[in-house]
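Okay, structure first, notes after.
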Amino acid sequence: MAETITLNVNGTDRAVKASPDRMLLWVLRDELGLTGSKYGCGEGQCGACTVLVDGSPRRSCITRLSSVAGKRLTTIEGLAQNGELHPLQQAFIDEDALQCGYCTPGMIVAGAGLLMKKPDPTVDEILDSMQGNVCRCGTYNRIVKAIQRAAKAMKEARP
Amino acid sequence: MTDDKRLETILEPERYELSAGPLYCFELDRREFFQLMGCGLAVFCLTPRAEGAETIDERSFAAGQRQPAQIAAWLHIGEDGVISVYTGKAEIGQNIRTSLAQALADELPAPFDSIRMVMADTRLTPYDAGTFGSQTTPRMSPILRKAGAAAREALIQLAAERWGTGAKDLKAEDGKITGPGSKSISYGELTKGKQLMESIAGDPEMKQSSDWAVSGRSIPKVGACEFVTGEHRYASDHALPGMLIGKVLRPAFLGASLKSADLSAAQAMEGVTAVQDGDFIGVAAPDLPTAEAALLAIKAEWTRPDSISSKELYSHLVSTAGRSDGAKESGSLETGFSAAAHTLEAEYTIAYIAHTPLEPRAALAVWQDGGLMVWTGSQRPFGVQEELQRAFRLPPEKVHVIVPDTGSGYGGKHTGEAAVEAARLAKAAGAPVKVIWTRTEEFSWAYVRPAGVIRIKGGVAEDGSVAAWEAHNYNSGSSGLRPMYEFPNQSNVFHRCDSPLRQGSYRGLAATANHFARESFIDELAHAAGMDPLAFRLKNMRDERFIGVLTAAAERFGWKESKSTPERGFGLAAGFEKNSYVATCAEIEIDKNKKRVRVVRVVEAFDCGPVINPDHLNNQIEGMILMGIGGALFESIEFANGNLTNGRLSQYPVPRFKDAPAIETVLMNTQGIYPAGAGETPIVGIAPAIANAIFSSTGKRIRSMPIQPELFA
């Protein structure tokens, strides 16, 4: 049965009327119009739907609405601040770390989550944390470089 | 290689790529055209075969006639200086939105940012057969360059008339015409208040690649910002007021037909429209859970066709071999084999694999005023339009297909299933309907890269030259079957077979299979002749560019210094396809249990002529090496009892971060020719390079794609 559930998405409370069993991905896309998070596999295997829940990457295609009520959600639409790209978004452009771009929102959200926990990740840490995200165009090496570039830019920006 | 032979290679028929359908017609007359576009200068580019046969001039528009159909592309320079280019090609991640604009910016010349590409929209853009076969760069790009050159000449003429000077004293640069006495006027200013139409007559001279200023540079991806912010809307992201979500009931078995169905329970659900039309059954509902529940409520019985399993696949293919395309022969095999000191035979197998584009098939359809409008992800917008016309018996002007920049294709999005399904459901529901295929649907009901069996017999003379070469390809296709090596006596035959799965195009298509078999077998011959694989290949090559890529890759890789051990192997392969050359060197590691191969380093040299965008080309090459690693090491569609047995991403491994080797590319950047396409050929070398590296390390010859680890354990 549909209930009214309040989600905190990108810093704003949004009320949605939906069954608590529904998957977060489709509520974001179909109910809230936030289509940046993508459907890729529906079983948490590709990472195209990745969002941050209280700062940690989660696969929204297998995350039930009931499990995120009252938690802080960040989607790709919420990463840029005051019209300025997140350093990782900028790094993706600078490293040309995309081709078709369909995996890109999930990659960037997952990478941004990693950088919040580990501001200066090693290559192995990047590989470990990104292994669950698929890019069929094969831009993996460029994505690793983009994460390193963003880490450097964020380090330099810190006072 | 002679020109004739080269042409034959380029034009080698692609079995799975459909040929052009009906030609496009504009509906606009001249007055309407400029009402829509605003004043300015329009240049129409005829398709190569129409050039000289027809010209577009003001009279044909003034008379209210339709434009001649054979338009390949057109551009419009507006009063505001914005240059709009209209082409039916689709952007699917290969970055032609960037590279085509670079070509035009060179030719006009104009600032890169003043160019706006309007692509893949059946109402706005001219007919185009599709974005495949690495044809955008060799075919569409010169058409736009010629349009640019014609526009440049027209603008110079306008300025000459305005200033009363001779055209030869004027120069076009950076969006302006300049002349003696620091005269300068922008293109937009020149076209102000004018309604000018030009068609390309004759063959305007294009700039030589050595004179390119914008092409040849790594211009960043156009629209990159929209992709990294999630703002770009793929077909699956589009929505309309009152839109319903559509789902289609799939048959219980591959190839099954419907025996009976009961839709009453679904029809009774609130807000649900359930449709049966022949074998098609689908539902439309206000939201996804309701649509899924409605689908589950439908009871259907399906026939169960006889089927084979993937275990029997290769014997099935060979035993059903029917019509061949005829042997492509030269010299005499008999003479060749009698001169051979060593004769070998081998059989290679290539599994079915799935494109697995991360954006599955998706479409949003809406009917209005008796016409149909569809947003879908596709490599063939006009092909989808034709499918919709056929399905609903509509004339072309009633079907409008819009293809937003698409979440990749790799040859897997030539068909319009989701568009037809969404349109059928929208018609029944009387509301817009969006259908997004699930990943499982994409695996089972899209099409796969053809599987194949390739048999080769070869003879090598005492001096290491290949005296005889006989190759048979069963089912996977003819592209890339003919060797680029100088084999005096050869025969190459493609046999058509019965494919148990629906098969279709794929990046590089059969060239990957044919190169895997050929480059592996050449290694076998080299070994039989006791020669180094590099030296053996060079001994049998004459084509300078072929030699060039192989030498460049081997040098960068350090081939001479690479000594294999039981845990580490080195292999190489060379190839030619779609008028471009590639050579790939791979270094692999084998773990101690002999269970797993890891590709640690790859060097690839690529020659597609002059490079338009080095960084984007590198990105393509790197991506193809990754995609090729999947087919080489682990991708294989398995099936039994009428269904796929691994049709989910959790069961079908694709390359991931940790599969990526260190990759170095060598871009040959050969000048003096027009560039070839680059989205396919770089995939063909990696699988044989890996297999040859495994042989160098273990002495075990791999003859299957994907490689079965137990074969070298």
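The values are calculated or read from the model by the stated rules, or taken from the named source; none is laboratory data. Remember, predicted model here, so these are calculated numbers, not experimental data. In this analysis, Cβ positions are derived from the backbone assuming ideal geometry, glycine residues included, and neighbour counts consider all displayed protein chains.
Here are the numbers for this structure:
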item	result
Filtered residues of segment A:130-147 (kept if touching a helix residue (DSSP H, G or I) at 6+ places or on another chain (Cβ under 6 Å) and more than 9 Å from every other protein chain (Cβ to nearest Cβ))	A:Ala146, A:Ile147
Members of segment B:647-665 that are more than 7 Å from chain A (Cβ to nearest Cβ) and either charged (D, E, K, R) or without any contact (Cβ under 8 Å) to a residue 60 or more places away in the chain (or both)	B:Gln651, B:Pro653, B:Asp659, B:Glu664
Among the residues listed as B:Ala159, B:Ala151, the single one being crowded, with 16+ Cβ neighbours inside 10 Å and modelled with pLDDT under 95	B:Ala151
Subset of segment B:278-292 (residues that are part of a loop (DSSP other than H, G, I, E, B) and small (Gly, Ala, Ser))	B:Gly278
Subset of segment A:63-89 [at the interface with chain B (Cβ under 10 Å from one of its Cβ atoms) and either of a type in the set (Val, Ile, Thr) or within 18 Å of A:Met130 (Cβ to Cβ) (or both)]	A:Thr75, A:Ile76, A:Leu79, A:His86, A:Leu88, A:Gln89
Strands (runs of 3 or more DSSP E) lying entirely in segment B:440-505 (those with 3 or more residues that are of a type in the set (A, V, I, L, M, F, W, C) and modelled with pLDDT of 95 or more)	B:452-460, B:466-474
Unmet criterion (only one of (1) within 11 Å of chain B (Cβ to nearest Cβ); (2) buried (at least 23 other Cβ atoms within 10 Å of the Cβ); (3) touching a strand residue (DSSP E or B) at 6+ places or on another chain (Cβ under 9 Å)) for A:Ser60	(1)
Residue match in segment B:632-639 (condition: touching a helix residue (DSSP H, G or I) at 6+ places or on another chain (Cβ under 6 Å), in contact (Cβ under 8 Å) with a residue 24 or more places away in the chain and surrounded by fewer than 24 Cβ atoms within 10 Å (Cβ to Cβ))	yes
Matching residues in segment A:33-57 - criterion: being charged (D, E, K, R) and either away from every other protein chain (no Cβ under 11 Å) or closer than 18 Å to B:Ala239 by Cα (or both)	A:Lys38, A:Asp54
Residue ID - nearest to the chain's Cα centre (by Cα), chosen from residues in segment B:307-329 that are assigned to a loop (DSSP other than H, G, I, E, B) and surrounded by 14 or more Cβ atoms within 10 Å (Cβ to Cβ)	B:Asp325
Odd one out for B:Thr415, checked against (1) in a loop (DSSP other than H, G, I, E, B); (2) assigned by TED's automatic domain parsing to the domain that holds B:His515; (3) under 23 Å from the mean Cα position of the chain (by Cα)	(2)
Odd one out for B:Gly216, checked against (1) in a helix (DSSP H, G or I); (2) among the small types (Gly, Ala, Ser); (3) within 29 Å of the chain's Cα centre (by Cα)	(1)
Conditions (1) free of Cβ contacts under 8 Å to residues at least 12 places away in the same chain; (2) buried (at least 23 other Cβ atoms within 10 Å of the Cβ); number of the one not met by B:Met624	(1)
Identity of the residue in segment B:278-306, closer than 17 Å to B:Pro251 by Cβ, under 33 Å from the mean Cα position of the chain (by Cα) and touching a residue at least 40 places away in the same chain (Cβ under 8 Å), that ends up surrounded by the fewest Cβ atoms within 10 Å (Cβ to Cβ)	B:Pro305
Residue list for segment B:483-502, restricted to those being within 14 Å of B:Lys457 (Cα to Cα) and in contact with a Ser or Thr (Cβ under 9 Å, 6 or more places away or on another chain)	B:Phe487, B:Asn489, B:Gln490, B:Ser491, B:Asn492, B:Val493
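Okay, residues lined up against (1) under 30 Å from B:Leu296 (Cα atoms); (2) crowded, with 18+ Cβ neighbours inside 10 Å:
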{"residue": "B:Ile200", "(1), (2)": "no, yes"}
{"residue": "B:Ser215", "(1), (2)": "no, yes"}
{"residue": "B:Ser218", "(1), (2)": "no, no"}
{"residue": "B:Lys221", "(1), (2)": "no, yes"}
{"residue": "B:Cys225", "(1), (2)": "no, no"}
{"residue": "B:Val228", "(1), (2)": "no, yes"}
{"residue": "B:His232", "(1), (2)": "no, yes"}
{"residue": "B:Met243", "(1), (2)": "yes, yes"}
